[in-house]
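The values are calculated or read from the model by the stated rules, or taken from the named source; none is laboratory data. This is a predicted model, so every value here is computed, not measured. Neighbour counts run over all protein chains shown; Cβ positions are idealised from the backbone, glycine included. Only protein heavy atoms, including side chains, enter the accessible area calculation; ligands, DNA and RNA are left aside. Shrake-Rupley method; radii C 1.70, N 1.55, O 1.52, S 1.80 Å.
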Amino acid sequence: MKNRLLVPPLVVLTALALGGCGVLPGDGPGTRTINVWVMKDSASDDFLQRFTAAYEAGHPGIDLKFTIQEWTGIGAKVTEAIEGPGGPDVIEVGNTQVARYADTEKLYDLTLESVRDLGAPEWLPGLAEPGSIDGAQYGIPWYAANRVVVYNKELFERAGVKKLPATRAQWTAATEKINRTGSQGIYLAGQDWYTLAGFIWDEGGELAVDNGGTWSGTLDSPAALRGMAFYKELQSLGSGPEDADEETPPQSGVFAKGDVAQIIATPGITAAILKQNPQLQDKIGYFPIPGRTAAKPCAVFTGGSDLIVPVNAPQRAAAIEVVKALADEQWQTDLARTMNYVPNKTTLASVVEGQEATRAMAAGAARGRATPNSPHWADVEAANPIKPYMTAVLRGEDPARAARRASEQISDTLAE
């Protein structure tokens, strides 16, 4: 890992003080335009218009310019922007991408703002942890989404399942009960590795660990193997393919046929389900993925976005203030309710109480995690030895042997 841009506290405080007088580089007098890159579909036009109008009204001399970016090819585009002579002032990035950009040493260290102004101890761990590199906070959590159990209420009622399961034992028992009615209790593809990651974390395991700068795959740890064992048990209760992931075929289409009681997905899948079968409109429900005990839901992979400020931001001091506003309680509440997201703090979970799907996500997000915080983790996902490992175990190969093979491949990739 390269040395990070760590600004001495005295320098940071002095810069902030000067920033209030418009002395930071790029922060001169007169109207200033703050350029913000946001990803397509992350925020509605209405939300961005509301935020812009309110922010500009409260900050005379500031003009906000939001530019919508496509996810396809965004990695290279962001890297070019932060390494150039002066790109956007604020950039939305995927939470698991922060390490990749921080590795360039071109991100501004927002640790002071995180502690002093943004309530960092309350952040969702799955957003906060990947934004923190070597103790410095480069990514500010913006919003989250995670997997829940999407279920068919009618099939649950038909099977006599009156109480939603809160433990693994209750979950498998309910699924088996639905199977006895002739419907499929659950559809779980054999290579849904994000779901497996949650089971591994729930057991206290990891996908990979950092040993003083050297990353090692750990799918062969006892805890990780217990997570895989439960995955195998659950997957066997349905007819999901052993050698494909949740998109082959798309599980939205499988669920839309109306004879599958459960899938594991983000609630956003509902739109695709209803497009194929509008008759399910009032039959779809959501609950957190059950944990080992009723006291805690299962750990889950947290997807979502962080906000970063490049070192080369032309209006850096003003950009930091925009980030603070986007991450504060008022606009987090607005964004969560508008977009059905989980807000960035565990203490804000109550703002989505009236939204069944988002409430279920928020319960799991409190125990959310992100993938290993290595700048090379994207390379692991590209080759993804986890998927064939899962298929091998489901088809009867010795789990420990298959896990060692996959762990070695992960270690080799992270060492490159």
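Some points to look at:
- Loop-exposed trypsin sites (Lys or Arg not before Pro) per DSSP, neighbour cap 13 Cβ within 10 angstrom, longest uninterrupted part of the chain: 258-394
- Whichever lysines have a C-alpha closer than 17 Å to that of Lys296, once near sequence neighbours (fewer than 8 apart) are set aside: Lys163
- Signed unit charges on C-beta, dipole axis of the chain, positive-most listed residue Ala349, Trp215, Thr96: Ala349
- Ellipticity estimate at 222 nm from DSSP helix runs (n ≥ 4, -39,500 (n - 2.57)) divided over the chain, nearest 500: -11500 deg cm²/dmol
- DSSP-loop GluC sites (Glu not before Pro) across region 32-97, with at most 13 other Cβ within 10 angstrom: Glu70
- Loop-resident sites, region 61-153, for chymotrypsin sites (Phe, Trp or Tyr not before Pro), counting at most 13 other Cβ within 10 Å (DSSP): Trp71
- Among [x] 1.12; [y] 1.03; [z] 0.97, the entry that matches Cα Rg over 2.2 N^0.38 Å as calculated here: [y]
- Förster-model FRET efficiency, 30 Å R0, Ser350 and Trp71, C-beta, rounded to 0.05: 0.45
- Dipole magnitude for region 260-416: about 440 debye, using +1 per Lys or Arg Cβ and -1 per Asp or Glu Cβ, origin at the Cα centre.
- Set of lysines with alpha-carbon distance to Lys77 below 19 Å, sequence-local pairs under 8 removed: Lys40, Lys65, Lys106
- Spacing of the two label points (7 Å from each Cα toward its C-beta) at Arg395 and Asp45, in nm: 4.9 nm
- Full-extension gain in nm, Thr338 to Ala169, via 0.36 nm per residue minus C-alpha separation: 57.3 nm
- Estimated dipole of region 352-416 in Debye, rounded to 20 [Cβ of Lys and Arg +1, of Asp and Glu -1, Cα centre]: 220 debye
- Based on C-alpha pairs under 8 angstrom that are at least 6 apart in sequence, region 279-400 has a relative contact order of 28 percent.
- Region 328-399, relative contact order in percent, only Cα pairs under 8 angstrom and at least six apart counted: 18 percent
- Only the Cβ atoms of Lys and Arg (+1) and of Asp and Glu (-1) were treated as charged; on that basis the dipole of region 154-214 about its Cα centre amounts to roughly 500 debye.
- Using a simple spin-label model with pseudo-atoms 7 Å out from Cα toward Cβ, Val115 and Ala272 lie 4.3 nm apart.
- At a probe radius of 1.4 angstrom, the accessible area of the chain per residue rounds to 42 square angstrom.
- For Asp243, the shell of other residues with beta-carbons less than 11 Å away shows a net charge of 0, using +1 for Lys and Arg and -1 for Asp and Glu.
- Rounded to the nearest whole Hz, the Karplus-based 3J(HN,Hα) values (6.51 cos²θ - 1.76 cosθ + 1.60, θ = phi - 60°) of region 195-209 follow the sequence 5, 4, 4, x, 5, 5, 4, 5, 8, x, x, 9, 7, 7, 10, with x at glycine and proline.
- Summing +1 for each Lys or Arg and -1 for each Asp or Glu among the other residues whose beta-carbon sits under 14 angstrom from that of Thr172 gives +3.
- Carbon and sulfur %, accessible surface of the chain computed with the full protein complex present, 1.4 Å: 51 percent
- Multiplying the residue separation of Ser411 and Arg180 by 0.36 nm and subtracting their alpha-carbon distance yields 78.8 nm.
- Backbone geometry of region 383-399 corresponds, through the Karplus equation with coefficients 6.51, -1.76 and 1.60 at θ = phi - 60°, to 3J(HN,Hα) couplings of 7, 6, x, 5, 4, x, 4, 4, 4, 4, 5, 5, 8, x, 5, 4, x Hz, x marking Gly and Pro.
- Taking 0.36 nm per residue of separation and subtracting the Cα-Cα distance, full extension of the segment from Lys257 to His59 would add 66.1 nm.
- For region 196-324, averaging the sequence separation of C-alpha pairs within contact (under 8 Å, six or more residues apart) and dividing by the residue count gives a relative contact order of 21 percent.
- Signed unit charges on C-beta, dipole axis of region 234-366, positive-most listed residue Trp331, Met361, Val300: Trp331
- Built amide H within the under 5 Å cut-off of Ile284, gap 5+: Lys153
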